[in-house]
1. Taking VAL149 and the conditions (1) among the aliphatic types (A, V, I, L, M); (2) in contact with a Ser or Thr (Cβ under 8 Å, 6 or more places away or on another chain); (3) assigned to a loop (DSSP other than H, G, I, E, B), which numbered condition does it fall short on, given that it satisfies the others?
2. Just to be sure before I move on: is ALA107 within 22 Å of ARG191 (Cα to Cα), at pLDDT below 95, among the aliphatic types (A, V, I, L, M) and not assigned by TED's automatic domain parsing to the domain that holds SER30 in the structure I sent?
3. Check segment 116-137 and report whether any residue there is touching a helix residue (DSSP H, G or I) at 6+ places or on another chain (Cβ under 8 Å) and over 23 Å from VAL88 (Cα atoms).
4. Can you confirm whether segment 62-84 contains a residue that is among the β-branched types (Val, Ile, Thr) and in contact with a strand residue (DSSP E or B) (Cβ under 6 Å, 6 or more places away or on another chain)?
5. Can you report the number of residues in segment 105-136 which are buried (at least 20 other Cβ atoms within 10 Å of the Cβ) and over 16 Å from the mean Cα position of the chain (by Cα)?
6. Among the residues of segment 73-90, is there at least one that is under 30 Å from LEU215 (Cα atoms) and part of a helix (DSSP H, G or I)?
7. Return the only residue of THR175, THR156, THR169 being crowded, with 17+ Cβ neighbours inside 10 Å, outside the structural domain of ASP39 (by TED's automatic domain parsing), of a type in the set (S, T, N, Q) and more than 24 Å from ARG3 (Cβ to Cβ).
8. Please state which one of GLY180, GLY189, GLY139 is surrounded by 22 or more Cβ atoms within 10 Å (Cβ to Cβ), farther than 14 Å from VAL108 by Cα and among the small types (Gly, Ala, Ser).
Amino acid sequence: MKRLLIFDLDGTLLDSLEDLADSANHVLASHGFPIHPVDAYRYFVGDGMPTLIRRILPDGYKAGLMHETCLREFKAYYDIHMYDKTTVYPGVKEVLEELQRRGIKIAVATNKAQFAVEPLMTDFFPTVTFSALIGQREGVPVKPDPQIVYDILAATNCTQEETFYLGDTAVDMQTAHRAGIEAIGLLWGYRTREELEGEHAEHIIAAPHEILDLL
């Protein structure tokens, strides 16, 4: 019996790719650097904002002062524009509400910066009560390190056996397995079935309502 479902955020609950890409490209353009197509950001995002900035900067600028400057500018711009084009994936809200109705705890574990996590969840899911919302925090390693999952298990008083972890990337599957949790790979996000299968996801589903079939 599962008592807790831990969700990734970007590419899992919210389609935020365009806002992330637009914010990153704005920073690049402001420094005269080449910008990237939105679709390329499917593979740039997912490992935290510092890594995102490192990936998009030209060679020779991926560290040091330029990286720090662009990271700061990205956070400031994204904080203002993170609602411009972001949407909830179809069916996600209804499934979260049904999980809540069944008494199953819901949590979010994401490499998105903590400052953005709670506002986004509150605004896009006003009818859902989350047991934990944890993003990238200073001094805490990002996924696939399992610490974020351990923190959620402690906060919810649930065990690994009582928990599913759901996400759309290899990092999510690695995080689940390192934490000793059964992983559900999601095909509506940013990556491919092949990536999820390569990380040995226990389940792979194509639509949110299929989550309920696994409980």
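The values are calculated or read from the model by the stated rules, or taken from the named source; none is laboratory data. The shown structure was predicted, so the numbers you read here are calculated from the model rather than taken from an experiment. Cβ atoms come from the backbone with ideal geometry, glycine included; neighbour counts cover every protein chain shown.
1. The failed condition is (3).
2. Criteria not met by ALA107.
3. yes
4. no
5. Count: 1.
6. No - not one qualifying residue is present in segment 73-90.
7. After ruling out the rest, the residue left standing is THR169.
8. Exactly one residue qualifies, and that residue is GLY189.
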